[in-house]
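Student: The structure follows.
The values are calculated or read from the model by the stated rules, or taken from the named source; none is laboratory data. All figures in this text were calculated on a predicted structure; none of them were measured in a lab. With ideal geometry, Cβ positions are generated from the backbone for all residues, glycine too; neighbour counts draw on all protein chains shown.
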């Protein structure tokens, strides 16, 4: 395999990791509440802003030894993730819960509106918010050769985080009590309620996790692409949602597969189809439309149409 | 049904609203505009508190015929009041064009309960088809307009296809995807003018007279925008009649049934597929007409006018005004076109306020400013 | 009732038209992006324009009060068309200047043309703006250089320095596509080779696929036709992906300190072309001093000088023929005016014949005039040269 092909492969894995994480969030929300939360993109970009802001404050404060530095950087990422998770719970309480028994259209619209509000607040009230922001370089400028391919420290961290997060989600859902509550709710909301499961707590947890996953994707975006702007979240959110639909809404594995499929399609279409880089989104959305026509339940997933 | 209120209250109410709108449109100063908005809001709150609002709305509802005539006269006079300020007529015309698009969107969002974010794209398709036929082939407006409408309708049908086997949340996603896809394709094709857009789109011609051309009668010059405004008003009237008839027909009933309960509508033998596709097709035809009218009005069309944001704005208009209520849709559209134009200085805060208004409306008044009336059936037949 | 109304309307109209005759106040319009992503450009130009009008009022050379009507076009053609209609609707407005975005100018030019009102474009650099399809608009003129001129100048400079192989990347806006077209042709004219051409979306963050394609061809230089955000993303990602040894270059879309700020250390050595380095022109210091004295909250930006000159051209025409739209439009077209940047005359398409360009290079985090840079003096070496 040529070096260029390997580079494209690396790019699509980096992008796919982000899409997958956002898509898992969509899938979890959908499973728990049967709603689509369109503001995942806002969580994603909000987390980038929080992390970048805290990191640059910290890095301006002075120099530290490598171990201390690493620990504090990790702590900042963790803090930014938790803050975003809390925003997720807040959004659930304020703009999703009021519509729990309303037509499905309502939460779709209200979460889109929340996305707009978050994005505009960042633009208007974050210092220099309408300008592109730089994500501070926290990882050493080093790396390793995998054959002929150079992989930098930041990229290794992204890969590691992705694997750890996927495993963590899997273990959480299958092994812990709270995780099994979430699974129970997604299978039958009312039955779960009757069985004495604290539904509200489980839903809060779902939103905390979903928003945190979007936050992790936001950090990866900052680390890998280095520059971000307030309006880059919306598209990432829509791509993540598409990925979860392609994979099969409601399935965590499907979300991961869908995310990587979208990323591969996009990157390779941009790379190998003449003139493709300007319309790369057409290809990824094309995949989505194809799936909805030919296999609306997605790669993994049950047929969602109710039979009369 | 017995008429139980006199038209007087409705007449006074509409006259006050009309006067307020005229004054608001005539004012140019930012602070006076802001003051007027505050005064207007205060007036409405007082009206609601004193019960005048309810009485007036009741009176309007009970005398629909008379009130429609009154509204028609008011609308026809409006451009004449601004004979020496074509700018106001320009904004008013623009608002009327968008009204046609939102009337179409209302079929999907209001009647059938399907949130469509691609109405901006259909608007664009209508505009581009009409503009390209005009600029490259020299077809007259009266051919390019129906062509634009047809193209938008066909696009609507095509977009409906992926949504047939799926449900609401997929549908919104599909419309978003389609909005982006059509935007990107138009932007990147050479023959659409690409990012440069299409300049020099000609004005329509009726009986040898070019609409939108200045007319000089002795010492009075009638600005070109005035004639175009009346043409748009004629189209808006047609669109209103069409929307009204659709709403009252079996189509409208079927859409409402789907919106309220898909499963039971299927039990009663409704074809979801057909009804949904019809909603998409009819709605996009309206958008196509609006797009064509827009392109020939401004004389220039570019991708900025068919972006996802336009689709979002149109949805906001319908929700603000009142889903499934034609008068409400018109009110919502006029508000969201005219107020931002007056408050241009706060342009940066526009999207933020749209988002906030949308959230607040959904939580506190999901039925919009003017809620739709429940369907009434008269078992004894007409009369 | 109706008759009365129309009488009232006519009366109102007559008073309005007679007011215009008296001409105690003469208004001059300004349009530009004052909100949205390009607000910085528009506000700077607006301030400079405003300054010119203020100075003219102070000079006492005009028998009427001059007034600025500044309207926002928000970089959106539809909004621009609204603003243009507003200006031509106001009988007291004699002429206008406008626009930083070419699509907006394309939407408003016919409106001014129909109303026989002069429009001087101060910042939109689209190539066939004033003569699309060969159609001439005698009311429209432009004081800033066109985009093709910038590209030719840059290609010439790079060719002279010895760059022979290029990768061209551009965004898919009107600006980016034009940049690609004219850079491509000028590079080929100078015998350079374009190894790859790729477009990206405005707002795209993932530049890796297009850069990876460029890596495969080992270009000496990567040219980008577009604006700051994507340029900074490209430059940063270039360094990550192994294009450290290729020069990064572009035209005035990148000529903003924001680029250096965002790209940080990676920006070093980036070469751009920018219309006009006016610091060497007579009267420049006085202009800057006057601008600073007004305490505007925004800096004048790269296009302030053009809107200042545009305002003064309108004022000069006013002085010649008085406040009459058609006459002012005609006078502007035939003017010879000594402005900040030199003597303005307009060719048959309404384009200024004045050309002045400067090469800038990013040095220690800011744009430095090539003539004054360490790169010129040989202390630092341009990237990508053997």
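Each row is one residue, and each column tells you yes or no for (1) farther than 21 Å from residue A:111 by Cβ; (2) modelled with pLDDT under 95; (3) touching a strand residue (DSSP E or B) at 6+ places or on another chain (Cβ under 7 Å).
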residue	(1), (2), (3)
A:5	yes, yes, no
A:28	no, yes, no
A:46	no, no, no
A:78	yes, no, no
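Student: Here is a further query. Could you tell me how many of the residues in the stretch B:144-162 are modelled with pLDDT under 90 and more than 7 Å from every other protein chain (Cβ to nearest Cβ)? Steps first, answer last, please.
Tutor: Filtering the stretch B:144-162 down to residues modelled with pLDDT under 90 leaves B:159-162.
Still in the running and more than 7 Å from every other protein chain (Cβ to nearest Cβ): B:159-160.
The qualifying residues number 2.
Student: Could you please give the count of residues in the stretch B:351-369 that are in a helix (DSSP H, G or I) and more than 8 Å from every other protein chain (Cβ to nearest Cβ)? Outline the logic, then answer.
Tutor: Quick first cut of the stretch B:351-369, residues in a helix (DSSP H, G or I) only: B:351-364.
Imposing the further condition that a residue be more than 8 Å from every other protein chain (Cβ to nearest Cβ) reduces the set to B:353, B:357, B:360-361, B:364.
Number satisfying all stated conditions: 5.
Student: Among what's in the stretch B:64-77 and is within 11 Å of another protein chain (Cβ to nearest Cβ) and without any contact (Cβ under 8 Å) to a residue 60 or more places away in the chain, pick the residue that is farthest from residue C:90 (Cα to Cα). Steps first, answer last, please.
Tutor: Filtering the stretch B:64-77 for residues within 11 Å of another protein chain (Cβ to nearest Cβ) gives B:73, B:76-77.
The next check asks that each one be without any contact (Cβ under 8 Å) to a residue 60 or more places away in the chain; those that pass are B:73, B:77.
Working: B:73: 27, B:77: 21 Å.
Top of the filtered list is B:73.
Student: Could you pull out the residue among B:90, B:170 that is modelled with pLDDT under 90 and either surrounded by fewer than 24 Cβ atoms within 10 Å (Cβ to Cβ) or assigned to a helix (DSSP H, G or I) (or both)?
Tutor: Working: B:90 fails: modelled with pLDDT under 90.
After ruling out the rest, the residue left standing is B:170.
Student: Another question about this same structure. Given the conditions (1) outside the structural domain of residue B:233 (by TED's automatic domain parsing); (2) over 30 Å from residue B:205 (Cα atoms); (3) modelled with pLDDT of 90 or more, which single one is not true for residue B:73?
Tutor: Exception for residue B:73: condition (2).
Student: Could you grab me the full set of residues in the stretch C:350-382 that are without any contact (Cβ under 8 Å) to a residue 24 or more places away in the chain and assigned to a strand (DSSP E or B)?
Tutor: Listed by number, the list holds a single entry, C:368.
Student: Among the listed residues B:121, B:95, B:131, which satisfies the condition of being crowded, with 24+ Cβ neighbours inside 10 Å, in a helix (DSSP H, G or I), within 14 Å of chain C (Cβ to nearest Cβ) and at pLDDT 90 or above? Show your work before the answer.
Tutor: Working: B:121 fails: within 14 Å of chain C (Cβ to nearest Cβ); B:95 fails: crowded, with 24+ Cβ neighbours inside 10 Å.
Within the list B:121, B:95, B:131, the selection yields B:131.
Student: Kindly evaluate residue B:308 against the criterion of being within 14 Å of chain C (Cβ to nearest Cβ) and more than 27 Å from residue C:86 (Cβ to Cβ). Lay out the reasoning, then the answer.
Tutor: Values: within 14 Å of chain C (Cβ to nearest Cβ): yes; more than 27 Å from residue C:86 (Cβ to Cβ): yes.
The answer is yes for residue B:308.
Student: So which of B:274, B:245 is assigned to a helix (DSSP H, G or I) and either over 17 Å from the mean Cα position of the chain (by Cα) or modelled with pLDDT under 90 (or both)? Spell out how you get there, then give the answer.
Tutor: Working: B:245 fails: either over 17 Å from the mean Cα position of the chain (by Cα) or modelled with pLDDT under 90 (or both).
Sole residue among the options that is assigned to a helix (DSSP H, G or I) and either over 17 Å from the mean Cα position of the chain (by Cα) or modelled with pLDDT under 90 (or both): B:274.
Student: Need a quick list: helices (runs of 4 or more DSSP H) entirely within the stretch A:148-248 having at least 3 residues that are within 11 Å of another protein chain (Cβ to nearest Cβ) and touching a residue at least 60 places away in the same chain (Cβ under 8 Å). Steps first, answer last, please.
Tutor: Details: elements: A:153-175, A:177-187, A:189-194, A:199-225, A:233-247.
Filter on the stretch A:148-248 gives A:199-225, A:233-247.
Each row is one residue, and each column tells you yes or no for (1) assigned to a loop (DSSP other than H, G, I, E, B); (2) within 27 Å of residue B:94 (Cα to Cα); (3) within 14 Å of chain B (Cβ to nearest Cβ); (4) within 19 Å of the chain's Cα centre (by Cα).
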| position | (1), (2), (3), (4) |
| --- | --- |
| C:83 | no, yes, yes, yes |
| C:88 | no, yes, yes, no |
| C:103 | no, yes, yes, yes |
| C:110 | no, yes, yes, no |
| C:141 | no, no, no, yes |
| C:148 | no, no, no, yes |
| C:152 | no, no, no, yes |
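Student: Follow-up question, since we're still on this one. Filter the stretch C:51-78 down to residues that are touching a strand residue (DSSP E or B) at 6+ places or on another chain (Cβ under 7 Å), surrounded by 19 or more Cβ atoms within 10 Å (Cβ to Cβ) and in a helix (DSSP H, G or I), then give me how many there are.
Tutor: Count: 2.
Student: Here's a follow-up. In the stretch A:55-75, how many are part of a helix (DSSP H, G or I) and either surrounded by fewer than 14 Cβ atoms within 10 Å (Cβ to Cβ) or at pLDDT 95 or above (or both)? First the steps, then the outcome.
Tutor: If we filter the stretch A:55-75 for residues that are part of a helix (DSSP H, G or I), which is where we start, we get A:55-60, A:66-75.
Retained after the next criterion (residues that are either surrounded by fewer than 14 Cβ atoms within 10 Å (Cβ to Cβ) or at pLDDT 95 or above (or both)): A:57, A:60, A:66-68, A:71, A:74-75.
Of the residues in that region, 8 qualify.
Student: Answer yes or no as to whether residue B:270 is closer than 19 Å to residue B:157 by Cα and within 11 Å of chain A (Cβ to nearest Cβ). Steps first, please.
Tutor: Numbers: closer than 19 Å to residue B:157 by Cα: yes; within 11 Å of chain A (Cβ to nearest Cβ): yes.
Against the criterion (closer than 19 Å to residue B:157 by Cα and within 11 Å of chain A (Cβ to nearest Cβ)), residue B:270 qualifies.
Student: Is there a residue being surrounded by 24 or more Cβ atoms within 10 Å (Cβ to Cβ), facing another protein chain (nearest Cβ under 9 Å) and part of a helix (DSSP H, G or I) anywhere in the stretch A:287-308?
Tutor: Yes: the stretch A:287-308 contains one or more residues that are surrounded by 24 or more Cβ atoms within 10 Å (Cβ to Cβ), facing another protein chain (nearest Cβ under 9 Å) and part of a helix (DSSP H, G or I).
Student: Within the stretch B:298-321, is there a residue that is more than 22 Å from residue B:180 (Cα to Cα), assigned to a helix (DSSP H, G or I) and more than 16 Å from the chain's Cα centre (by Cα)?
Tutor: Taking every residue of the stretch B:298-321 in turn, at least one turns out to be more than 22 Å from residue B:180 (Cα to Cα), assigned to a helix (DSSP H, G or I) and more than 16 Å from the chain's Cα centre (by Cα).
Student: If a residue must be assigned to a loop (DSSP other than H, G, I, E, B), free of Cβ contacts under 8 Å to residues at least 24 places away in the same chain and within 12 Å of chain C (Cβ to nearest Cβ), how many such residues does the stretch B:182-240 contain?
Tutor: Total meeting the criteria: 6.
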